[in-house]
Amino acid sequence: MTFTLFHNCCAATMDPARTGVWGAVEDAAIVCRQGRIDWIGPMADLPAARAEGAQRADLAGRWVTPALVDCHTHLVFAGDRSGEFEQRLSGASYEAIARAGGGIRATMTATRAASIETLTAAAEARIRLLMRGGAASVEIKSGYGLDPDSERAMLIAAGEAARRAGVRVRRTFLGLHALPPEYEGRREAYVHLMAHEVLPALHAEGLVDAVDAFCETIGFTAAETQTLFEAAARLGLPVRLHAEQLSDQGGAALAARYGALSADHLEYLSEAGARAMAEAGTAAVLLPGAFYALKETRRPPVELLRSLNVPMAVATDLNPGSSPLVSPVLAMNMACILFGLTPAEALAGMTREGARAMGVADETGVLREGLAADLAVWEVSRPAEIVYWIGHPGPERLIIAGQEAPA
Ligand code: NIG
Ligand code: FE
């Protein structure tokens, strides 16, 4: 399918250059050529020459949106933490489980023991679940290896799983996710190893697109995070940050100082942190799956972020501990119900703003001429309906760079 005219459809382009929150085009025509959107607009305005020779695809009145962008996941891992789910249901806190050696460290042990092929196969299956929910672009973090070889294995598995599934991927180095047991009492040495040896080596192999850290009492301090960010800056790599998830560590302001693509979670974000993000153009990535699964009661300050025009992305945070959420559609619904986003903000968060947070806004995230032909086709009567169903499996069709993806 290299040259196609999609017609008899409505488009929620999510393009701010068009009018309304959905950037909607009723009775739309979308011409896709060589994996890109070659023309989009009202069918009545389509110049005949632009579609001459195209294969015609009648979408029977369906709504077309940009394919979804899941900009924050930890989907490469081995092992099973459903036992921790049971522990939390009986009252144990996420922090207490982590401090007792469970949590990220439990997944680290299983991930270190797994082969690259085992990690790849498990990751591919999870990517396919996200695709079923409409995702064509997925960010994947390391951070369960926590030693040079295992972090490398995770990033290789992430790339190979994405290639097999056929999604666009960006890989993020999250070496500062948790202190591995062999570095207990030697924090500085671990931070040094990750910032000055592992990151440059993995970057030299072409395995890293961005750098992230878990800036938290059970993770790493702002000063330790800064050491990593300095190393990222020297390599010219963009940074992102797990910030203010369980407490206010000043992480968002730190991320903003480094011109971060995003600061993520943000339940404990201060007004100063939000203002710093606004000034730096750092996106807020809202992760309602972790909020829900940890039964968090403090919501990220959505009204403040909105009033400051901080771009708000929404992602699954797919991971084995705090957010075993495999549905981008449900993440959008949760962002509305739990955090107070409008349906249009939620869809923008999983398309346009997700692409911004992931660093792929020049490729995907809105339906616009020149960008990738990444389309999701939904059997709904209005775009808000995409976000309204709870437990809806996803779009009827997913097209990635002009190619039909298996539903
Ligand atoms: O985004 N916050 C830190 N990292 C993940 C959780 C990882 C885990 O529990 O395995 C998160 O919530
Ligand atoms: Fe995360």
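The values are calculated or read from the model by the stated rules, or taken from the named source; none is laboratory data. Just so you know, these numbers come straight off a predicted model, no measurement behind them. Glycine also receives a Cβ, built like all others from the backbone with ideal geometry; neighbour counts cover every protein chain displayed. In case anyone asks, the SASA skips ligands and DNA or RNA and just uses the protein heavy atoms, side chains included. Shrake-Rupley method; radii C 1.70, N 1.55, O 1.52, S 1.80 Å.
Structure data summary
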{"quantity": "Nonlocal amide H pairs with ARG36, under 5 Å, H built at 1.01 Å", "calculated": "ALA373"}
{"quantity": "Nearest-10 value in Å² for the accessible area of CYS215, using the 1.4 Å probe", "calculated": "0 Å²"}
{"quantity": "Computed accessible area, GLU230, all protein chains, 1.4 angstrom probe, square angstrom", "calculated": "80 Å²"}
{"quantity": "Viscosity 0.890 mPa s, temperature 25 °C, Stokes-Einstein D of the stretch 68-358 from Kirkwood C-alpha radius, µm²/s", "calculated": "133 µm²/s"}
{"quantity": "Per-bin percent of Cα-Cα distances, the stretch 210-271 [5 Å]", "calculated": "4, 23, 35, 24, 10, 3, 0"}
{"quantity": "Efficiency of FRET from Cβ geometry, GLU117 and LEU308, R₀ 51 Å, rounded to 0.05", "calculated": "0.65"}
{"quantity": "Nearest-10 value in Å² for the accessible area of HIS196, using the 1.4 Å probe", "calculated": "80 Å²"}
{"quantity": "Residue-normalised accessible area of the chain, expressed per residue, 1.4 Å probe, Å²", "calculated": "37 Å²"}
{"quantity": "Sequence ranges 390-402, 44-56, ranked by mean other-Cβ count within 10 angstrom, highest first", "calculated": "390-402, 44-56"}
{"quantity": "Spacing of the two label points (7 Å from each Cα toward its C-beta) at ALA204 and ALA125, in nm", "calculated": "3.6 nm"}
{"quantity": "Backbone N under 13 Å from the ASP362 label point (7 Å along Cα→Cβ), restricted to the stretch 17-52", "calculated": "none"}
{"quantity": "Fraction of accessible area attributable to carbon and sulfur, the stretch 68-358 (%, probe 1.4 Å)", "calculated": "53 percent"}
{"quantity": "Vicinal HN-Hα couplings computed from phi for the stretch 63-69 (Karplus, 6.51 cos²θ - 1.76 cosθ + 1.60; Hz; Gly/Pro x)", "calculated": "8, 10, 10, x, 4, 6, 10"}
{"quantity": "Peptides 357-366, 112-121 ordered by average Cβ neighbours within 10 Å, highest first", "calculated": "357-366, 112-121"}
{"quantity": "Dipole magnitude (debye, nearest 20) for the stretch 68-358, charges at Cβ of Lys, Arg, Asp, Glu", "calculated": "600 debye"}
{"quantity": "Convex hull volume per residue for the stretch 85-202, taking Cα atoms only, in Å³", "calculated": "113 Å³"}
{"quantity": "Taking the C-alpha atoms of the stretch 195-351, convex hull volume expressed per residue in Å³", "calculated": "111 Å³"}
{"quantity": "Estimated FRET transfer efficiency when R0 is 45 angstrom, pair ALA17-GLU197 (beta carbons, to 0.05)", "calculated": "0.50"}
{"quantity": "Distance in nm between pseudo-label sites at ARG275 and TRP389 (7 Å out along the Cβ direction from Cα)", "calculated": "4.5 nm"}
{"quantity": "Residues of the stretch 1-33 with amide N under 16 Å of a point placed 7 Å along Cα→Cβ from MET43", "calculated": "5-12, 25-32"}
